[in-house]
Structures are given as structure tokens and as C-alpha cells.
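Taking it in order: structure first as C-alpha cells, then the write-up.
Just so it is clear, none of the values below were taken in a lab; they were calculated from the coordinates. None of these values were measured; they are calculated from a predicted model. For neighbour counting, all protein chains shown are included, and Cβ atoms are generated from backbone atoms with ideal geometry for every residue, glycine included.
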Amino acid sequence: MENKTEIAVFGGGCFWCTEAVFKMLRGVRAVEPGYAGGEKPNPTYLEVANGNTDYVEVARVEYDPSQIRFRDLMTVFFGSHDATQLNQQGNDVGTQYRSVIFYTTDEQKHDADEFIAELQVSAAGGDPIVTTVEPLTNYYTAEDYHKDYFANNANQGYCQVIIAPKLQKVQKQFADLLNDASKHT
């Protein structure tokens, strides 16, 4: 008997980073880079990267809720990017890199709103969380060369300077949520 899976979609900067982070987690069946939230049919990477489409670079995460909860996914999401930066992550600037949770169920919307409210209270006096919670609309899979980008390009400069340290941080802070393969890298 196959376990039920659910879909969660997160935008937190470059989707190469977000994809690599979620691929490390137990209970995650698949992670796919894509574009969500815009109106134009079938956007391309160049169109989205130019920042004129309203699309966000996202990671579509298919997961088994009996092995990892949506709340755990959100914990890692917020722990692996700066949710206080409006429309950017580091040097990636533009609305296509904004922090957003695209929900696929009413329960996800409720949980995300509640989680963000808890973060706002716990970080009182700090910079406010700018992550938005929106319904998933117009999702498109990114071009094939974006899939498994870190795994296929680990020696590339961007991967070494930006993605690898982020993955090390996740391995350290969220060891109890990692899949077996990620515990040994």
C-alpha cells in the first residue's frame, strides 16, 4: 500500500537552493523547480528572471505527511532563507525571489498563517516576516536543466558559495528531519 502524498510549494529565493534543501528531508518524495503565481502561460526562465511576469521561482515539494509534517517543512523553509528580506535573497533581487508559501489546501493556509504569526511574536522587536501566503495558481515546471541543479553542478561557483553552506546549515540545524542519504554527506 502506497502512502498518501501532499504537495507544498515554497518560494524563498533561487529555486536551485530551495530544491536542494527540500531534497534532503525524510518523507519528501520529489522536489521540482518551477514558477508560480503569475498570469502568462508557460513562462520561461529568462522571462521570470527579468522580473516582469509576477512569477516566483519555487520548489514544488511532494511529501508523505505520515513521515514529515507540513509544519516541519515550514520550519526548514524559514530556517533556510531570510524571510525578512522583501523581494530578495542575498544578491538575488526582484519579486521573482520573494518569500512566499503557495498553499494547496485550506489546512496549509491555516497552518502557514498561524506559523508566521508565531514567528512574528517570537521575533518581536526584530525585522518583520514578509513571507506571503497565497493560493497556488498557474504553476509551471522549470526547464529540465534546472532540475537537480546542485547535484549536477556542485563544483560550480554559485553552488559552492551559496548553496553548499545553506545545505550544511540545514544538516546541522535540522538533523532529525534529514533523510538517510543526507545524514552521511
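Compute the semi-axes of the equivalent ellipsoid of the chain, taking the square root of 5 times each eigenvalue of the Cα gyration tensor, and list them largest first in whole Å. Please report the intermediate quantities before stating the final value.
On the way: eigenvalues 91, 83, 67 Å².
Largest first, the chain gives 21, 20, 18 Å.
Using a Gaussian network model of the chain in which every pair of alpha carbons under 10 angstrom is joined by a spring, one finds that among Leu167, Leu119, Leu25 the greatest mean-square fluctuation is at Leu119. Computed over the range 43-139, the convex hull of the alpha-carbon atoms projects to a mean area of 6.7 nm². Taking the Cα centre of the chain as origin and assigning +1 to Lys and Arg Cβ atoms and -1 to Asp and Glu Cβ atoms, the resulting dipole is close to 540 debye.
By the count of other C-beta atoms within 10 Å, a proxy for reagent exposure, His110, His81, His146 are ordered fewest to most as His110, His146, His81. The count of lysine pairs in the chain with alpha-carbon distances below 26 Å, taking only pairs 8 or more places apart or on different chains, stands at 19.
Shape of the range 1-91 from its Cα gyration tensor (a ≥ b ≥ c, root eigenvalues): rounded if a/c is under 1.5, otherwise prolate when a/b > b/c, or oblate? Judged from the Cα gyration tensor, the range 1-91 comes out oblate (a/c at least 1.5, b/c at or above a/b).
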